[in-house]
Amino acid sequence: MAGKKKNKASEYKKWYKLDLSAIVYPTLQRRDFSSVYRLSVLMKEEVRPQVLQQALDMTLPRFPTYKAAIRKGLFWRYLEPNNRPGPFVQKDVKNPCQPMYFKANSRYLVRVYYFGRRIAFEAHHSLGDGTGGMCVLNTMVANYLRLLGHEKIENGGFVLDINEEPHPEELEDAYMKYATSKVCPPRPSEKTYRVRGTKEPFYTLNIIGGIMSVEQVMQVAKSYGATITEYLNAVLIYALLQKQNSEFHFRQRPVRIAMPVNLRRFFPSRTLRNFITMIYPGVDPRLGEYTFPEIVEHVRNHMKFYINKKLLCGDITTNARTQMNPISRMAPLFVKDFVVKRFYAHVQDRNSSAGLTNMGVMQIPPSMHPYIERYDIYMGQPFSNRTNCAVISFGDVLTINFTSGIIEAEVERFFFKKLVADGIHVMIESNRNLPTGEVRD
């Protein structure tokens, strides 16, 4: 039986080409920036690190594209299996999502932290998006609970069976599989409003999070005729408009949000790698002053128009055609890196004023619910001076976490004050020296 398993394992690819989205992330790597995100779960009991290490060791081999190291060739980067010792669980740090250097940490591009009742999982975006990361985290937490004696924890949702071989679809580049459109729709290219702020010292990531009731947020969103995602995008746009109006400027600029869309909702893919694309809801204050209901309506219409299978297919086909271009394929890696970095810094990064991602409702087996209080998700260090926002819900607990590399927090303050003004009770947590507690006007 052991021989059979060994033979099956040997059938895995010895390396994996980076998926269409992952190609960009290592290119943007610099000393003070790395495309790292964090997912965490707050348990109801204190975490036992020795047991957590056992659970991590059991779990990671089930995810070959996460138990991997990144390598550089003449024309592309790729992932290869990593059988070095580690990764090892560590006590949590004040400033998470620190850069991941490809030759450090035994070349692993994942980290696992613990503190009190919290278990946190960090991953480099070149391995996969939040959906893949959530599968790794929740499968590890399920194994952790089983090791503690809770043997009735079943698989399902974001919990995968570690005794099963990875399905080939979990490891595929789904972008290239579903990029079948015959036309590529245009993308926004005008420079947007950028938040001005004082850059924090190296390695400092400021976090301001709000904890609230899903039911309350849903009721308020419904009162505006919107979903939770539409409403929260509108609130962030409102906060950015308030921030722009409070500053001295020669002219106003459009305010747009970079919002990832999970393509698995529209294409039948099981990939655990990256499979997202971006849409950019926003408003242009040069057209006139917007009331909040008008912002909500604008966001709702934008999302209804752009979030459909045909337009999303066209968007990913645009990227795929770039990769399929013979000249692009033959160009040496250093040339590709130079072009991508220049394009991202001078075009792509200027397309949005902030980022907002909503992971939605956490899907785990019911048998795990009694042991978990809530989940959090954090977008990592922004590429430029701005703030990013990440949302997730579990049960009736919705968490919204802002991350930024600047000292000023006016956007976050405008955002949470608007939620409170709409009747939502918000509890604030932060790694800054801010007073915690309920937000009031």
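Throughout, read-outs are computed from the coordinates displayed, never taken from laboratory work. Note that this is a predicted model, so its numbers are computed, not measured. When we count neighbours, we look across all protein chains shown, and the Cβ atoms used for this are built from the backbone with ideal geometry, even at glycine.
Could you work out how much longer the chain between Phe250 and Glu373 gets when fully extended? Use 0.36 nm per residue separation minus the Cα distance between them, nm to one decimal.
On the way: separation 123, 0.36 × 123 = 44.28 nm, distance 4.76 nm.
Taking 0.36 nm per residue and subtracting the Cα distance, the gain is 39.5 nm.
Could you line up Ser328, Ser353 from fewest to most neighbouring Cβ atoms inside 10 Å? Let's see the in-between values first.
Details: Ser328 14, Ser353 27.
Neighbour counts put them in this order, fewest first: Ser328, Ser353.
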Practice problem: Divide, for the stretch 206-438, the radius of gyration over alpha carbons by 2.2 N^0.38 Å, where N is the residue count. | Solution: 1.09
Quiz item: When we measure straight from the Cα of Lys199, which lysines land under 19 angstrom away, once same-chain ones fewer than 8 places off are left out?
Solution: Lys94, Lys243
Exercise. Go through Lys191/Lys341; Lys182/Lys309; Lys222/Lys309; Lys91/Lys152; Lys14/Lys341 and tell me which ones have a Cα-Cα distance over 20 Å in this structure.
Key: Lys222/Lys309; Lys91/Lys152; Lys14/Lys341
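May I ask you to sort Leu287, Leu127, Leu171 by Cβ crowding, counting other Cβ atoms within 10 Å and putting the fewest first?
On the way: Leu287 9, Leu127 28, Leu171 19.
Going from sparsest to densest Cβ surroundings: Leu287, Leu171, Leu127.
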Self-check item: Inter-part distance where the stretch 212-242 and the stretch 328-375 are each reduced to a Cα centre, Å
Solution: 22
Quiz item: Hey, any idea what Rg/Rh is for the chain, computing Rh the Kirkwood way over Cα pairs?
Solution: 0.95
Quiz prompt | Amide proton proximity set for Asp19, modelled H, under 5 Å, gap of 5+ | solution = none
Quiz item: Under a 5 Å amide H to amide H cut-off, with H placed in plane at 1.01 Å, what residues pair with Asn358 once short-range neighbours are removed?
Solution: Val391
Quiz item: Met176 versus Asp57, label points 7 Å from Cα toward the beta carbon: distance in nm?
Solution: 3.6
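Dividing the Cα radius of gyration by the Kirkwood radius, what Rg/Rh value follows for the stretch 248-312?
Values: Rg = 15.3 Å, Rh = 13.8 Å.
Reported Rg/Rh (Cα atoms, Kirkwood Rh): 1.11.
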Practice problem: List every residue whose amide H lies under 5 Å from the amide H of Glu172, counting only residues 5 or more places away in sequence or on a different chain, with H placed 1.01 Å from N in the peptide plane. | Solution: Leu272
Exercise. Read phi for every residue in the stretch 128-140 and hand back ³J(HN,Hα) as whole Hz from Karplus 6.51 cos²θ - 1.76 cosθ + 1.60, θ = phi - 60°, with x for Gly and Pro.
Key: x, 8, x, 5, x, x, 5, 5, 5, 4, 6, 5, 5
Quiz item: When the Karplus curve 6.51 cos²θ - 1.76 cosθ + 1.60 is applied with θ = phi - 60°, which whole-Hz ³J(HN,Hα) does each residue of the stretch 358-371 get, with x for Gly and Pro?
Solution: 10, 6, x, 7, 6, 9, 9, x, x, 5, 8, 4, x, 9
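What FRET efficiency comes out for Glu215 versus Phe338 if R0 is 60 angstrom and r is the Cβ-Cβ distance? Round to the nearest 0.05.
Values: r = 50 Å, r/R0 = 0.84.
Once rounded, the FRET efficiency stands at 0.75.
Which of the three applies to the stretch 234-276, rounded, prolate or oblate, going by the alpha-carbon gyration tensor with a ≥ b ≥ c and a/c under 1.5 meaning rounded?
prolate
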Quiz item: HN-Hα J couplings of the stretch 245-256 from phi, Karplus 6.51/-1.76/1.60, θ = phi - 60°, integer Hz, Gly and Pro as x?
Solution: 5, 7, 9, 7, 8, 6, 8, 7, 10, x, 10, 9
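Would you mind ranking Asp92, Asp32 so that the residue whose beta carbon has the fewest other beta carbons within 10 Å leads the list?
On the way: Asp92 17, Asp32 13.
So the residues, fewest neighbours to most, are Asp32, Asp92.
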Quiz item: Under a straight-distance cross-link criterion of Cα-Cα below 16 Å, which aspartates and glutamates are reachable from Lys304, leaving out those fewer than 8 residues away in the same chain?
Solution: Glu230, Glu294, Asp315
